[in-house]
Amino acid sequence: MIRMARLFVSLVLILTVVWLGVLNTQPVNLITIPQEFVTDKFGIFRIPLFLIIIFTAFLSFVFGCVAEYIRSRKLRKSLKERDKRLKQSEAKLKKFEKNLGLDDDDILSLLK
């Protein structure tokens, strides 16, 4: 079922990109520097509009992923610290069980 959903989403995405490319094939001028500094077409590129749209969408996706990664850093750090403390607590509990000889205790076995 998941394979079919992936296939459907991929197909819709591919068809959308192809449709976008077919509808926007006209070339546009992409000016990369201010017009005052343009000499002999330096800094001006003629590119089909759909390439600019696709590149912009891809670039915004990458920026969004980086921003989300940076935003979630604090949460990952706190989860890592909690996991470390939990492992230390489990190690201490096992040490106490071993020292007290409670390996087969009924109450402690319920906690596991």
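List of remarks:
- Evaluation of I47 against (1) modelled with pLDDT of 85 or more; (2) assigned to a helix (DSSP H, G or I) (one fails), failing number: (2)
- Filter result for L20 (aliphatic (A, V, I, L, M) and outside any helix (DSSP H, G or I)): no
- Pairing each residue of segment 71-99 that is in a helix (DSSP H, G or I) with any residue that is acidic (D, E), provided the two are 6+ apart or on different chains, yields C-beta distances under 9 Å for E97/D103; E97/D105.
- Annotation note: Cβ proximity below 8 Å between a residue of segment 1-20 that is within 14 Å of I53 (Cα to Cα) and in contact (Cβ under 8 Å) with a residue 24 or more places away in the chain and a residue that is of a type in the set (A, V, I, L, M) and assigned to a helix (DSSP H, G or I) (sequence gap 6+ or interchain) occurs for V17/I54; L20/I53; L20/I54.
- All conditions but one from (1) modelled with pLDDT of 80 or more; (2) among the polar types (S, T, N, Q); (3) in the same structural domain as L15 (by TED's automatic domain parsing) apply to T39; the one that does not is (1).
The values are calculated or read from the model by the stated rules, or taken from the named source; none is laboratory data. On a predicted model such as this, the values are computed, not experimentally measured, just so you know. Glycine also receives a Cβ, built like all others from the backbone with ideal geometry; neighbour counts cover every protein chain displayed.
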